[in-house]
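Asker: Let me give you the structure first, and then I'll get to my questions.
The values are calculated or read from the model by the stated rules, or taken from the named source; none is laboratory data. Note that the structure is predicted; figures quoted are calculated from it, not measured. Positions of Cβ are backbone-derived with ideal geometry, glycine not excepted, and every protein chain shown enters the neighbour counts. Side chains are part of the model used for accessible areas, which takes the heavy atoms of the whole protein and leaves out ligands, DNA and RNA. Shrake-Rupley method; radii C 1.70, N 1.55, O 1.52, S 1.80 Å.
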Amino acid sequence: MFGPRITYPTFVGNSDVALGDFNRDGSLDIVTAAAAGRIDILLGHGDGTFVAGKPLTAARANFFDSGYVNNDAKLDLVVADYINGAINTYLGNGDGTFTLRDTADAPGTSQGIELAHFNGDTAIDAATVSPSTNQLVIFHGNGNGTFTHIQNLSTGPTPFNLKVGDFDEDNDIDIIMGNSGDGTLSLFFNQGDGTFASATTLSTRVHPEVAAIGDWNRDNHLDVAVVHQSTSSVSIYLGRGNGTFQLPIQLTTDSVPFGAVTLDSNLDGYLDLAVTTLSGFLNIFLGRGDGTFHPKISSSSPGSPRYLEAGNLNQDSRPDLAVAVYDAGSVDVYLAR
């Protein structure tokens, strides 16, 4: 399914990872962030190999997202500062380098960030979570690389990471996250203007983190995958299209799952799920197309793998994987075969 891992050194302690064409050469590049304050860029050649670009110093860059925040067709980075409670915007120069544009303050610490169009204008917006204050924090983009702090909303205790999607199918982007302090999910519905109603709370297993979004039963409604580190499992919540979900389907992973990504790894038209585990494994769950999955295919992924992304790194039409490896300080690339 995947070839042997190809390792690219980065700064030790990297956790988040993203793919994009940051130097506009038609090939996907890789960006990864380390909590110590460095972002590494790996520039793709289009054949599944990469060369190190110019690293970027970024304050406490544990989480980040990429998007066109100033609408200039050059991919930018927005970084959540998990110590100072701010989001920092780095505008892409179109050559794989970046320039700091703006810092927008937020309460508490910032863990997890998503960029999306929340209020229907042409400027991209941002949302982050603060586990120190138990809040979801909303920013509206101004279209020039700056953001305005709009709203704080209460979450459950100790929220961690978040994902976005139109879960009630009203053409507005909603937000969902896990709360590790009480084993719940918080779902925030967009009110149509980029502000959000108070949380709808869903019970789940302990220590949840919303890890991936997909349509695993092909009913055109968004589903949610939630990883549970302490129970070594993934809960699949099949969406009904009205903001509610069916009872979860449970998948058993190797010990201590962490990140997950949606992909069609075997090109059968059914979405699959790839999961990393802190015990050093990569688990692939092949989807059956009805919301259920075949038993995991497990392979070694040494060095405490964290988050991962899927994309066509060698331009052969098959999704490959890029995995941030925390302890080793590297990105591991797995090319589909």
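Asker: Being surrounded by fewer than 21 Cβ atoms within 10 Å (Cβ to Cβ) and either of a type in the set (Gly, Ala, Ser) or over 21 Å from the mean Cα position of the chain (by Cα) (or both) is the filter here, so list the residues in the stretch 181-199 that pass it.
Answerer: GLY181, ASP182, GLY183, GLN191, GLY192, ASP193, THR195, ALA197, SER198
Asker: Collect the residues in the stretch 60-113 that are more than 17 Å from the chain's Cα centre (by Cα), more than 30 Å from HIS45 (Cα to Cα) and among the aliphatic types (A, V, I, L, M), keeping them in residue-number order.
Answerer: Hits for the stretch 60-113 are ILE83, ALA86, ALA104, ALA106.
Asker: Could you check the stretch 87-112 and list, in sequence order, the residues that are outside any loop (DSSP other than H, G, I, E, B) and buried (at least 23 other Cβ atoms within 10 Å of the Cβ)?
Answerer: ILE87, THR89, TYR90, GLY92, PHE98
Asker: When the residues of the stretch 230-246 are narrowed to those that are among the hydrophobic types (A, V, I, L, M, F, W, C) and closer than 16 Å to LEU187 by Cα, which ends up farthest from the chain's Cα centre (by Cα)?
Answerer: PHE245
Asker: Pick from the stretch 285-337 the residues that are acidic (Asp, Glu) and under 20 Å from the mean Cα position of the chain (by Cα): which of them is most open to solvent (accessible area, probe 1.4 Å)?
Answerer: Among those residues, the one meeting the criterion is ASP327.
Asker: Quick one: count up the residues across the stretch 200-212 that are open to solvent by less than 40 Å² (accessible area, probe 1.4 Å) and without any contact (Cβ under 8 Å) to a residue 60 or more places away in the chain.
Answerer: 4
Asker: Would you confirm whether or not the stretch 248-258 contains a residue that is part of a strand (DSSP E or B), closer than 22 Å to ALA35 by Cα, among the hydrophobic types (A, V, I, L, M, F, W, C) and open to solvent by 10 Å² or more (accessible area, probe 1.4 Å)?
Answerer: There is at least one residue in the stretch 248-258 that is part of a strand (DSSP E or B), closer than 22 Å to ALA35 by Cα, among the hydrophobic types (A, V, I, L, M, F, W, C) and open to solvent by 10 Å² or more (accessible area, probe 1.4 Å).
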